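Colleague: Input: one structure, supplied below.
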Amino acid sequence: MDRLHQIQVFVAVVDANGFAGAARKLNLSPPAVTRAINELEGQLGVRLLTRTTRVVRVTEAGERYAEDCRRILTELAEADESAAGLHANPRGRLTLTAPVLFGAQVVTPIVTEYLSQHPLVQASCWFLDRVVNMMDEGVDVAIRIGDLPDSSLQAIRVGQVRRVIVATPQYLKGAPPLNASADLLQHSIVAASGVTPTPEWRLMQDGEPVSIKLQPRMLTTSNDSAIQACLQHFGLTRLLSYQVADLVREGRLHTLLSDAEPAPLPVHVVHREGRYASKKTRAFIDLAVERLRAHPALGL
């Protein structure tokens, strides 16, 4: 069996975490996928995958080999493009993901600029308030807010955001004083579950973390909803700084208890192709990193 075919099948099995997914991706029968892997392992004399009836795992040797195979396939594709006179033109479909509000406010202008520069590329934007499994769902690039778990993915830090408490000046005029974390208990609270999953705000006091258990007057799954409730002078809420940066700058919202804020959350551009990223992916990463690092709401 052709070695290139075996390599393509092996990478597909690793990316899909299984034989069935690879078979669907490559439009092959499951026995054909199994045969290709068996022949490849036989020729190499090493176990690349361990499989049970439910799980397929990559061995240590398999992980190294998969990275080398991706590099070979990428270089081969670029060689084909170069021979066809297409090397300078990124093309194909780029799939990216980001949180809903961040995607709408910050990422969308970057995507439209990128697409204007590269007319042969199409983009699928998955703006979701959940962590997308990039390998399983075929996502090329992700913008992630928060600390990253250990993984084989590549990450480039581009900024940070704060968890801020905000309210309108009008609300604050008639509300009890707010000088310390405990004073929050006297206020009307709008809790956005996307930022704080439970009605318990973790803050800092004299350099030590404290938890303030609140009873929100309003609990919402939508950050936009929390912002609108605050703008109607209903109470105060806690959001990520980029979500209210324009409103704070305009003076429509004020930030409160800044000294009690926990450490900022990092913002990363995450991708899965290492330094051998495809032309379309590398072009987007380069633009996104430049624009995000210059964004005023993500100051390092």
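One line per residue, one yes/no per condition, for (1) among the small types (Gly, Ala, Ser); (2) outside any strand (DSSP E or B); (3) touching a residue at least 12 places away in the same chain (Cβ under 8 Å):
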position	(1), (2), (3)
Leu115	no, yes, no
Pro119	no, yes, no
Ala123	yes, no, yes
Trp126	no, no, yes
Asp129	no, yes, yes
Met135	no, yes, yes
Ala142	yes, no, yes
Asp147	no, yes, yes
Ala155	yes, no, yes
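Colleague: Of the residues in the range 35-56, how many are polar (S, T, N, Q) and touching a strand residue (DSSP E or B) at 6+ places or on another chain (Cβ under 9 Å)? Even if it seems obvious, please write down each step before you answer.
Modeller: Taking the range 35-56 as the starting set, the residues that turn out to be polar (S, T, N, Q) are 38, 43, 50, 52-53.
Those left that are additionally touching a strand residue (DSSP E or B) at 6+ places or on another chain (Cβ under 9 Å): 50.
Looking only at that region, the number is 1.
Colleague: Right, something else. Can you name the residue in the range 93-113 that is hydroxyl-bearing (Ser, Thr, Tyr) and in a strand (DSSP E or B) and, of all such residues, is surrounded by the fewest Cβ atoms within 10 Å (Cβ to Cβ)? Before the answer, list the steps.
Modeller: First pass over the range 93-113, keeping only residues hydroxyl-bearing (Ser, Thr, Tyr): 95, 97, 108, 112.
Among the residues that remain, those that are also in a strand (DSSP E or B) are: 95, 97.
Working: Thr95: 18, Thr97: 23.
My answer is Thr95.
Colleague: Now a separate question. Within the range 228-282, count every residue that is outside any helix (DSSP H, G or I) and among the polar types (S, T, N, Q).
Modeller: So in the range 228-282, the residues outside any helix (DSSP H, G or I) come out as 232-240, 251-257, 261-273, 277-278.
Now restrict to residues that are among the polar types (S, T, N, Q): 232, 237, 255, 278.
Residues flagged as outside any helix (DSSP H, G or I) and among the polar types (S, T, N, Q) within the range 228-282 amount to 4.
Colleague: Further, regarding this structure: Somewhere in the range 224-244, is a residue surrounded by fewer than 16 Cβ atoms within 10 Å (Cβ to Cβ), in contact with a strand residue (DSSP E or B) (Cβ under 9 Å, 6 or more places away or on another chain), outside the structural domain of Ala98 (by TED's automatic domain parsing) and more than 29 Å from Val107 (Cβ to Cβ)?
Modeller: The answer is no; no qualifying residue exists.
Colleague: Taking only pairs six or more apart or across chains, which ones have beta-carbon atoms under 9 Å, a first residue in the range 209-222 that is modelled with pLDDT under 90, and a second residue that is among the charged types (D, E, K, R) and assigned to a loop (DSSP other than H, G, I, E, B)?
Modeller: Going by the 9 Å Cβ cut-off, the qualifying pairs are Thr221/Asp129.
Colleague: Which residues, taken from the range 246-255, are surrounded by fewer than 20 Cβ atoms within 10 Å (Cβ to Cβ) and either aliphatic (A, V, I, L, M) or closer than 29 Å to Ile156 by Cβ (or both)?
Modeller: Asp246, Leu247, Val248, Arg249, Thr255
Colleague: Something else: Consider Lys279 against the criteria (1) outside the structural domain of Pro99 (by TED's automatic domain parsing); (2) under 30 Å from Glu63 (Cβ atoms); (3) of a type in the set (Lys, Arg): it satisfies all of them except one. Which criterion is unmet?
Modeller: Lys279 satisfies all of (1) outside the structural domain of Pro99 (by TED's automatic domain parsing); (2) under 30 Å from Glu63 (Cβ atoms); (3) of a type in the set (Lys, Arg) except (1).
Colleague: Mind listing just one residue for me: the one in the range 51-77 that is at pLDDT below 90 and hydroxyl-bearing (Ser, Thr, Tyr) and, of those, surrounded by the fewest Cβ atoms within 10 Å (Cβ to Cβ)?
Modeller: If we take residues in the range 51-77 being at pLDDT below 90 and hydroxyl-bearing (Ser, Thr, Tyr), then Thr53 is surrounded by the fewest Cβ atoms within 10 Å (Cβ to Cβ).
The values are calculated or read from the model by the stated rules, or taken from the named source; none is laboratory data. It should be emphasised that the depicted structure is a prediction, and the values quoted were computed from it without experimental measurement. All Cβ positions, glycine included, derive from the backbone under ideal geometry; neighbour counts span all protein chains shown.
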